[in-house]
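Engineer: Here it is: the structure, laid out below.
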Amino acid sequence: MPELPEVETVCRTLNQLVAGKTITEVTVSLPRIIRRPSEPVEFAGALAGQTIRSVERRGKFIRIVMDDLILVSHLRMEGRYGVYPSDEPVETHTHVIFHFTDGTELRYKDVRQFGTMDLFTRGEEWVMPPLNKLGLEPLGEAFTLQSLRETLSKRTTKLKPLLLDQAYIVGLGNIYVDEALFQAGLHPERTADTLKAAEWSKLYDAIRDTLGRAVEAGGSSIKSYVNGQGEMGMFQHSLLAYGRGGEPCQTCGTTIEKFVVGGRGTHICPKCQPKPRNASAQKAGRQERPKGSSPKIH
């Protein structure tokens, strides 16, 4: 948390609030938030005089586009941005402040202190971490049924951890993977290589529809998420699987179950998402080798 819909909402909100504003100085009170450059003084100095042109998203990352520089920011667990008058008291856990010429400030607050910021010259961000190895953008034009199948169909990994892997598809987190798999009628322990053509079509439609509706609702406010104006998202009121363990399925009335898949809490309807017939074989250890690994030679 936050996932793609929440980050998209933050970007859209910030784009309205800060695009066109010019930075006079930057205050960094927690240096480890800044990963690139390594010195916060260099970070602040480079940003002075830059005008924000747009705020965009790639996966779960925020791209703040300026005259000559790109700031790539990840909110992690509880990071949040807000725009305030400069004379408004600064809240506790505010770690980075961008001061603007118009007397307002963009403030980054992070109670858990897991967020990150990387500064690049324009264009450099695409060929360096953290953006250079990200997968398909599920709301982008390149994300088609064909590209989804070509990317995942030969994988022997279970669907839940596979869809969470940002190297294949970006932006999907625990909430929206559970929701998409429920909508598609697919059990999270199915392996990708077992899906039939009709099931790939259902999964593709479910991913696009779930994320699209979540973006329109401003994301899901689970725990602490708010947008750049401090407003909560509303999609949590539309969730059909995630967080509903023990409740009746709104489709068939069967009790929603919660269990762990790939180390993540997972919610399903056992009737709408039937368990794969080969689940015992998969559980016994049918694992795909990580990218770039080699088989062991005995």
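Engineer: Would you mind stating whether Leu139 is assigned to a loop (DSSP other than H, G, I, E, B), outside the structural domain of Leu75 (by TED's automatic domain parsing) and touching a helix residue (DSSP H, G or I) at 6+ places or on another chain (Cβ under 8 Å)? So that I can check it myself, show each step before the final result.
Structural biologist: Details: assigned to a loop (DSSP other than H, G, I, E, B): yes; outside the structural domain of Leu75 (by TED's automatic domain parsing): yes; touching a helix residue (DSSP H, G or I) at 6+ places or on another chain (Cβ under 8 Å): yes.
Judged against the criteria, Leu139 is a match.
Engineer: Any chance the range 112-129 includes a residue that's assigned to a strand (DSSP E or B), out of contact with any helix residue (DSSP H, G or I) (no Cβ under 7 Å at 6 or more places or on another chain), surrounded by 13 or more Cβ atoms within 10 Å (Cβ to Cβ) and of a type in the set (S, T, N, Q)? Break it down stepwise before answering.
Structural biologist: Quick first cut of the range 112-129, residues assigned to a strand (DSSP E or B) only: 116-121.
If we keep only those that are out of contact with any helix residue (DSSP H, G or I) (no Cβ under 7 Å at 6 or more places or on another chain) as well, we get 118, 120-121.
After this cut, where a residue has to be surrounded by 13 or more Cβ atoms within 10 Å (Cβ to Cβ) as well, the list is 118, 120.
Pick out the ones that are also of a type in the set (S, T, N, Q) and you get none.
Among the residues of the range 112-129, not one is assigned to a strand (DSSP E or B), out of contact with any helix residue (DSSP H, G or I) (no Cβ under 7 Å at 6 or more places or on another chain), surrounded by 13 or more Cβ atoms within 10 Å (Cβ to Cβ) and of a type in the set (S, T, N, Q), which makes the answer no.
Engineer: Okay, next question. Residues being more than 21 Å from the chain's Cα centre (by Cα) and without any contact (Cβ under 8 Å) to a residue 60 or more places away in the chain: count how many of those fall in the range 179-195. Show your work before the answer.
Structural biologist: Narrowing the range 179-195 to residues more than 21 Å from the chain's Cα centre (by Cα): 185-187, 189-195.
Subsequent filtering for residues that are without any contact (Cβ under 8 Å) to a residue 60 or more places away in the chain retains 192-193, 195.
Result for the range 179-195: 3.
Engineer: Among the candidates Glu42, Glu78, Glu8, Glu56, single out the residue that is crowded, with 21+ Cβ neighbours inside 10 Å, of a type in the set (Asp, Glu) and not assigned by TED's automatic domain parsing to the domain that holds Asp178. Talk me through it step by step, then tell me what you get.
Structural biologist: Numbers: Glu42 fails: crowded, with 21+ Cβ neighbours inside 10 Å; Glu78 fails: crowded, with 21+ Cβ neighbours inside 10 Å; Glu56 fails: crowded, with 21+ Cβ neighbours inside 10 Å.
Residue meeting the stated conditions: Glu8.
Engineer: Can you tell me which residue among Glu137, Glu88 is surrounded by 15 or more Cβ atoms within 10 Å (Cβ to Cβ) and among the acidic types (Asp, Glu)?
Structural biologist: Values: Glu88 fails: surrounded by 15 or more Cβ atoms within 10 Å (Cβ to Cβ).
Glu137 is the lone residue from the list that is surrounded by 15 or more Cβ atoms within 10 Å (Cβ to Cβ) and among the acidic types (Asp, Glu).
Engineer: Confirm whether Arg107 is surrounded by 14 or more Cβ atoms within 10 Å (Cβ to Cβ), charged (D, E, K, R), closer than 28 Å to Ile64 by Cβ and over 17 Å from the mean Cα position of the chain (by Cα). Full working, then the answer.
Structural biologist: Values: surrounded by 14 or more Cβ atoms within 10 Å (Cβ to Cβ): yes; charged (D, E, K, R): yes; closer than 28 Å to Ile64 by Cβ: yes; over 17 Å from the mean Cα position of the chain (by Cα): yes.
In short, yes.
Engineer: Take the residues in the range 261-286 that are surrounded by 11 or more Cβ atoms within 10 Å (Cβ to Cβ) and at pLDDT below 50, then tell me which one is farthest from Gly185 (Cα to Cα). Reasoning before the result, please.
Structural biologist: We begin by selecting, within the range 261-286, every residue surrounded by 11 or more Cβ atoms within 10 Å (Cβ to Cβ); these are 261-262, 264-276, 278-279, 281-282, 286.
Remaining after also requiring at pLDDT below 50: 279, 281-282, 286.
Values: Ala279: 16, Ala281: 21, Gln282: 19, Arg286: 22 Å.
Only one residue tops the list, namely Arg286.
Engineer: Follow-up. Please verify whether the range 175-187 includes one or more residues that are touching a strand residue (DSSP E or B) at 6+ places or on another chain (Cβ under 7 Å) and charged (D, E, K, R).
Structural biologist: Yes, some residue in the range 175-187 is touching a strand residue (DSSP E or B) at 6+ places or on another chain (Cβ under 7 Å) and charged (D, E, K, R).
Residues are listed down the side, and each one gets a yes or a no for (1) within 19 Å of Phe120 (Cβ to Cβ); (2) of a type in the set (A, V, I, L, M, F, W, C):
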{"site": "Thr9", "(1), (2)": "no, no"}
{"site": "Thr24", "(1), (2)": "no, no"}
{"site": "Ser29", "(1), (2)": "no, no"}
{"site": "Arg32", "(1), (2)": "yes, no"}
{"site": "Arg35", "(1), (2)": "yes, no"}
{"site": "Val41", "(1), (2)": "yes, yes"}
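Engineer: Okay, moving on. May I ask you to list the residues in the range 164-210 that are at pLDDT below 95 and among the polar types (S, T, N, Q)?
Structural biologist: Across the range 164-210, the qualifying residues are Asn174, Thr210.
Engineer: Quick check: is even one residue across the range 137-147 modelled with pLDDT of 95 or more and in contact with a Pro (Cβ under 7 Å, 6 or more places away or on another chain)?
Structural biologist: The answer is no; no qualifying residue exists.
Engineer: Now for a different question. Take residues that are under 18 Å from the mean Cα position of the chain (by Cα) and at pLDDT 95 or above and tell me which of the strands (runs of 3 or more DSSP E) falling wholly in the range 1-92 contain 2 or more. Give the steps one after another, and end with the answer.
Structural biologist: Values: elements: 23-28, 34-36, 52-58, 61-66, 69-74, 80-85.
By residue number, 52-58, 61-66, 69-74.
Engineer: In the range 140-159, which residue that is basic (Lys, Arg) and in contact (Cβ under 8 Å) with a residue 60 or more places away in the chain is surrounded by the fewest Cβ atoms within 10 Å (Cβ to Cβ)? Give the derivation first.
Structural biologist: Quick first cut of the range 140-159, residues basic (Lys, Arg) only: 149, 154-155, 158.
Narrowing further to those that are in contact (Cβ under 8 Å) with a residue 60 or more places away in the chain: 155, 158.
Values: Arg155: 15, Lys158: 23.
The residue in question is Arg155.
Engineer: Something else now. Might you check whether a residue that is surrounded by fewer than 18 Cβ atoms within 10 Å (Cβ to Cβ), closer than 23 Å to Pro130 by Cα and touching a residue at least 24 places away in the same chain (Cβ under 8 Å) occurs anywhere in the range 200-214?
Structural biologist: No, because not a single residue in the range 200-214 is surrounded by fewer than 18 Cβ atoms within 10 Å (Cβ to Cβ), closer than 23 Å to Pro130 by Cα and touching a residue at least 24 places away in the same chain (Cβ under 8 Å).
The values are calculated or read from the model by the stated rules, or taken from the named source; none is laboratory data. This is a predicted model, so every value here is computed, not measured. Backbone-built Cβ (ideal geometry, glycine too); neighbour counts: all protein chains shown.
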